[in-house]
């Protein structure tokens, strides 16, 4: 009705008042509809309406209305208190900065080194510096394919092999190892319930630093340490290597190896120990070659230096011949694998992604649970899961006094789907810094 009233007023005025004769009707307006209610207005009201109609119009599209001071034309937005703030950005590794920092830290402090960094299995940084064999030993440069003994980093490969070995046979990691020990071993009172998981995670209570067969057998017979207590010991992994022989069936747990000639009882026991040592070492090395290295494209892995591998030195100075650490198979499991940077990276990438050793899901679980790895390193980018190998000849006489040579290896599963491997064939000198601390510092400082 309001619209009808307004139209009828204009219609009435335009007809009855000469003053409105020239006022056009608004666009779209017609004559009064027959249903309109006619309302008479006074001359004064008519004059007011006439002035309003004749007033100039403002082109709204081109001339903005004046904006009231201090008044927003936009409606106020009330924040949604239930919406959490966006998560902070996770920093990423700047590879160029890492390159500069790690090379600057190692180039003048080591005899030489090789480093490989991969992302998603593809190389993003490859460094090889100085010599793997110094002037007195043939002057051979480092490459990413130069092999060296990787020390305790071997434990990671042992853990991978043992988990696959157990799971493909339906044996739980929480199974008691007592069912697989050589029958002639004496087992300490507190050792009956030790499990495979406790050995792999260094929670068995074993605490010897040696991993040879005789030491492990004697330790397992005598010790009564608290179980499920973290105590890093290579003996755990030496024992895993022994157990691999009985788990795979390569050696009967009830076997007693008799000497081909009559010998005294003490010598016979030593001969039997030696045969068990040799048989279980061969069984484990064969399994690792077939089930871990072959799927990774790595072949001819040995515990013996072959070809022209890296030698170890005290420092960058080569006044002494390099040290050859020799055949370390008696400590296989805890030590002894000889691999290059590329070969270690190939194993890590295959294990982590390809599903040909274990499923990628299972590998992720085991990496995050630190199987065959040390306690993780916390960084702003996330956790680093890692293992470190260090092997030295102790001290030996040289022309300048007594010197020690060192083999150092580090492998890391980094955040952002990266893997890092570094091999160094000396101590860091003169700083005497630890290799893992140098690598860690360079990584964290290069996060952006």
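Under the 0.36 nm per residue contour assumption, what length would be gained going from the current alpha-carbon distance of residue 369 and residue 289 to full extension?
Values: separation 80, 0.36 × 80 = 28.80 nm, distance 2.42 nm.
Extending this stretch completely gives an extra 26.4 nm.
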Here, residue 107 and residue 145, labelled 7 Å along Cα→Cβ, have an inter-label distance in nm of 2.5 nm
So, relative contact order of region 195-321 in percent, Cα under 8 Å, 6 or more apart, is 20 percent
Hull volume per residue for region 89-164, using the convex hull of the C-alpha atoms, in Å³ is 155 Å³
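Taking 0.36 nm per residue of separation and subtracting the Cα-Cα distance, what length does fully extending residue 190 through residue 90 add?
Working: separation 100, 0.36 × 100 = 36.00 nm, distance 4.63 nm.
Once the chain is fully extended between residue 190 and residue 90, it gains 31.4 nm.
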Quick note, region 145-259: a/c under 1.5 would make it rounded; otherwise a/b > b/c is prolate and the rest oblate (a ≥ b ≥ c, C-alpha gyration tensor); here it is rounded
Percent of all Cα-Cα pairs per 5 Å bin for region 84-229, counting from 0 up to the last occupied bin, reads 2, 7, 11, 13, 12, 9, 9, 11, 12, 10, 4, 1, 0
Cβ density ranking, 10 Å radius, fewest first, applied to 331, 256 yields 256, 331
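How large is Rg/Rh for region 231-376, to two decimals, with Cα atoms and a Kirkwood Rh?
Looking at region 231-376, the ratio lands at 1.03.
Quick check: from the Cα gyration tensor, does region 289-448 come out rounded (a/c under 1.5), prolate or oblate? If you can, show how the numbers build up before the last one.
On the way: a/c = 2.50, a/b = 1.37, b/c = 1.83.
Since a/c reaches 1.5 but b/c is at least a/b, the shape of region 289-448 is classed as oblate.
Each reported figure results from applying straightforward, stated rules to the coordinates on display, with no laboratory input. Worth saying up front: this structure is predicted, and the values here are computed from it rather than measured. Note: ideal-geometry Cβ built from the backbone for every residue, glycine included; neighbour counts use all protein chains shown.
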